[in-house]
Amino acid sequence: MHSTNTKNTKAFKNLLNSIFLFLFVIPFYGQVQSYYNGLDLTKTENELFVELSNRISSTHTAIPYTSGSTDTWDVLKTVDEDPTNANNVLLIYGFDDNDGISDTDRTRDKNLQDTGGGDPGKWNREHVFAKSLAKPNLGTDEPGPGTDVNNLKPADADRNSLRSNRKFTTGNGDSKIISTNGGWYPGDEWKGDVARVIMYMYLRYHGDGSQISQTQCLPIDVGFGTPLTIDSNMIDLFLNWNIEDPVSDFENQRNDYIETVQGNRNPFIDNPYLATLIWGGVNAEDTWNLNNITDSEAPLAPTNLTSSNITDDTVEINWIASTDNIGVVDYLIYLDGIYFKTAYTTTLIISGLSENTNYTISVKARDAASNLSLESNLINIKTLEGPLVLFSEDFNNCSTINFFTYSEESNKDWACETQFGENNSGSMGINGYQQDVFSRDWLITNTSINFDENTGEKISFYTDAAYGTTPLELVYSTDYDGLSSPESFTWVSVPNITIPVHSDGGGTEEIYSFSDIDISSITGTVYFAFKYYSNNDPTRWTVDNFEIIADNNDDVDDDGVLNEDDLCSGTPAGESVDANGCSMGQLDDDNDGVQNSDDLCPSSPIGATVNTSGCAESQLDDDEDGVMNNLDLCENTPNGEIVNAAGCSNGQLDDDNDGVINYDDLCPNSTVGSNVDTNGCFKLTSNNFKIESISETCPNKNNGQILITVIETFDYVATINGTNYNFTKSGLTVDNLPPASYDICITISGENYEQCFNVEIDEGITISGKSTSVSGKVSFDIEQGTAPFIVLVNDQKTLETYSPTFVINAKHGDIIQVKSSVSCEGVFSKTVDSFSEILAYPNPSKGNFEIALPISQKEVTIEIYNIQSQLISIKEYPIIYGKVQLNIETKPTGLYMVKVNLEEPVLLKIIKE
């Protein structure tokens, strides 16, 4: 839960009040709680599981569920008190106190607890690990697993009922039922809390399930997810939630308080990383620093994200794997910028999408230290248009179902339930138990369906049966009137559908699901019905998720030919078409790709390329010189000029073959093969010359350079500030130049050509920059200097980098020097002055510690006292680089007071571990 408020409890019993206040006297943040003293926390996997399980079991004292003495009501009112209002409790799964809907409330008055009246706006006790999903059920008549407060949370009574015993599943946003599997998503604020409760319950109760003392609470029985290889009872869902929703201050306080009441703690609240040590995977938050992880380097972003196999509700995505300094663990998939799910390979089929909908998809890589990469490239996809839904009913709203019931005999009618069915989210059922006469009951569609309007009809539905062998038939009728007794009409079994009867008539529920069964052989307008005629062995039948779909094959251009048969889509309105859906204006008799109505050359040669008017070059003479385009070497001959067989007039010839016709050629005798401009005169390519200048390495060296490289081979002459240099394709290098501006002009022997440039040779530089020191870290921004930069701390090389910006860890008094790769550029130096106040560090420590004294004096007298205020040391210490070194390693563990005798004495508290 992402709340970080501090809870201020009210006293409802003196004992609870005094204990709870004690929790705030000496908080030990980041330390292993004394509760775990004597445990070997270096163990991992099953050994650590057993070690922790033994501790939380041996220290657990169960309390009554409801009692005149301290019971679970009392505990929840205190442990789940709203940190902002001591009169309220926080409600798990709640998220909004201001929407006017009571079952979404996040807080509730403590006194509005549910006493069994069922009134809205009450709160009751939610078993996070649902009672019915444990083996055996979590009973509450006696103190035991069912009264374990670690598993109990205040919840709005109606929202608790909505969750029911639904298994937890992935989702996002606020708490809700997830329709794809009927699971329950507890909400972004609560999913971490839930995960740590489920892991505690597994750790505490993992017997064989045969009796209360062997209670079994397996994560796989209470959530949808992938079982782990290391432990098939654990699923990845709860490990992911443990990471994604870190422990809050509220959870920590709750854990502390529960220990005072029932004696044990939830280890996964104290340190979520224990889950990683037991079950592996991505590292959770390590509040005890058991792992000493220093990996802060994120993986590189996934690349080349692509999509394929797009349907109306699925898409397959693939990407190139990321790399990491240690290793990539998994990938996080995002839909429209919102986290969707986790993948463990570089390919994933995303399902449950909406038809004909645009989505933006991206991927991030994650390593074992939970470092996230940058986002991959974004891809945009649009799902296909789905099938045409002719009829659909999921029975999630009993007030608006699309079926009606008809009973010929018996009082065992079909009834709508708000639970059960495929996703436990609503269903239609009939239970023939204790029937007075043989039941003859029908469940009939409210409306008829016209099977002559569509093609490719398919049906899907869910059924389950228990406690009997009476069959259930799915039938249809073309003559039913939708009102009268169905027995008076003709009903036929739906093709390709036979619902099995229960195999032995026992109480074990058997599921019979049908998906996309072809029923396209049905014709006419029909009603569908489930027909239940019981025998001597009445049965409990359940029906859910009934749907009939058809192909989306409408006649888009309304020409009377269905899309799947229409070879000419988009026929203009009103035009007559043939059996292929093509009008005369859509035909192309000469197969040149231009329809007859637009073809100005109706007999184009087979295979010839034509223009938009359907004409080939052999059919055109654009310049009207008598030579067809396909033979004419001289296009656009001036009107009236005489041409040769190639279609060229004298004014279109090029005698020197330089590409410029004679009457435009200002240079009629160009060298064969030379490049010329539009006037027929010599030219070079625009990128023939590359001029580079290299600046002076250091001030006053006068060692600048000019480098000229060329592409084409000629005899070149470069004039640089009045001095001539001859060179060819090998280029030219001029050395030992002082800083200045240089004019360069290049000519070519034998050609009328010149091109000029100007370059600058800059003066040499010295290294310089800026630095900032904050909290033991010095940030540098090198403004001048040649990379790579070498960083020395107290004359010891610490870093070499090409980046002009970097951060160095340093202590007070350290001298940091930065050198460039060019020795003559000098040194940039910084002396660290970290402290502006008097403090001791590290604190706590093993005995060796320092006191930072940002003062100018050279010595100071320091007194050390134990917790009983006894003086154990007084000594004058030298102040070196603003610090004093002290050592109490030989002294006992505990709290010490250190008095620093300055003009105004300073008193410091030291904890020796």
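Read the figures in this text as sums done on the coordinates, not as results from a lab. Every value quoted in this text rests on a predicted model; they were computed, and no experiment measured them. Reconstructed Cβ throughout: ideal geometry from the backbone, glycine too, with neighbour counts over all protein chains shown.
What is the local net charge at E142, summed over the other residues whose Cβ is closer than 13 Å to its Cβ (Lys, Arg +1; Asp, Glu -1)? In short, -3. Using C-alpha pairs below 8 Å separated by at least 6 residues, the relative contact order for segment 180-330 is 16 percent. Annotation: amide H-H contacts under 5 Å for T798 (H modelled 1.01 Å from N, sequence separation of 5 or more, or interchain): V791, L792, V793.
Annotation: peptides 455-464, 818-827, 732-741, ranked by per-residue average of other Cβ atoms within 10 Å with the highest first, follow the order 455-464, 818-827, 732-741. Report the net charge of residues surrounding I459, where surrounding means a beta-carbon distance below 11 angstrom and charges are Lys +1, Arg +1, Asp -1, Glu -1. Taking every Cβ under 11 Å from that of I459, the sum is -3. Using C-alpha pairs under 8 Å with a sequence gap of at least 6, the mean separation divided by the residue count of segment 768-832 gives a relative contact order of 32 percent. Given +1 at the Cβ of Lys and Arg, -1 at the Cβ of Asp and Glu and no other charges, the dipole of the chain around its Cα centre is 8260 debye to the nearest 20. When you restrict to C-alpha pairs under 8 Å that are six or more residues apart and normalise by the size of the chain, the relative contact order lands at 5 percent. Taking the Cα centre of each part, how many Å lie between segment 176-229 and segment 872-900? Each part's Cα centre sits 52 Å from the other's.
Here's how it looks for T525: its modeled amide H is under 5 Å from those of F451, which are all 5 or more places away or on a different chain. Checking Cβ-Cβ separations below 4.7 Å across the chain identifies C217 as cysteines lacking any candidate disulfide partner.
Over 21 Å between Cα atoms, which of K77/K167; K858/K883; K770/K883 qualify? Pairs exceeding the cut-off: K77/K167; K770/K883. Using amide H atoms built in the peptide plane, which far-off residues or other-chain residues are under 5 Å from L305 H to H? Sorted by chain and number, the residues that satisfy this are I320, N377. Averaging Cα coordinates gives a centre for segment 295-339 and one for segment 72-92; these two points are 42 Å apart.
Once you sort the root eigenvalues of the Cα gyration tensor of the chain as a ≥ b ≥ c, which label holds: rounded (a/c under 1.5), prolate (a/b larger than b/c) or oblate (the other case)? It is oblate, given that a/c is not under 1.5 and a/b is not larger than b/c. Going through segment 851-906, which chymotrypsin sites (Phe, Trp or Tyr not before Pro) have at most 12 other Cβ atoms within 10 Å and a DSSP loop state? Counting only loop positions with at most 12 other Cβ atoms within 10 Å, none of the chymotrypsin sites (Phe, Trp or Tyr not before Pro) in segment 851-906 qualifies. So, counting K/R as plus one and D/E as minus one, what does the shell of residues with Cβ under 13 Å around A645 add up to? Here the charged neighbours net out to -2. Loop-located chymotrypsin sites (Phe, Trp or Tyr not before Pro) across segment 94-171 with a Cβ neighbour count of 14 or fewer within 10 Å are lacking, with loop assigned by DSSP. Phi-derived couplings, Karplus 6.51 cos²θ - 1.76 cosθ + 1.60 at θ = phi - 60°, listed residue by residue for segment 493-498: 4, 5, x, 6, 10, 9 Hz, with x used for Gly and Pro. 3J(HN,Hα) along segment 310-320: 6, 10, 6, 9, 9, 8, 9, 10, 9, 8, 7 Hz, from the Karplus curve 6.51 cos²θ - 1.76 cosθ + 1.60 with θ = phi - 60°, whole Hz, x for Gly and Pro.
Phi angles of segment 464-478 translate, via the Karplus equation with coefficients 6.51, -1.76, 1.60 and θ = phi - 60°, into HN-Hα couplings of 9, 9, 7, 6, x, 10, 5, x, 10, 10, 9, 10, 9, 9, 9 Hz per residue; Gly and Pro are given as x.
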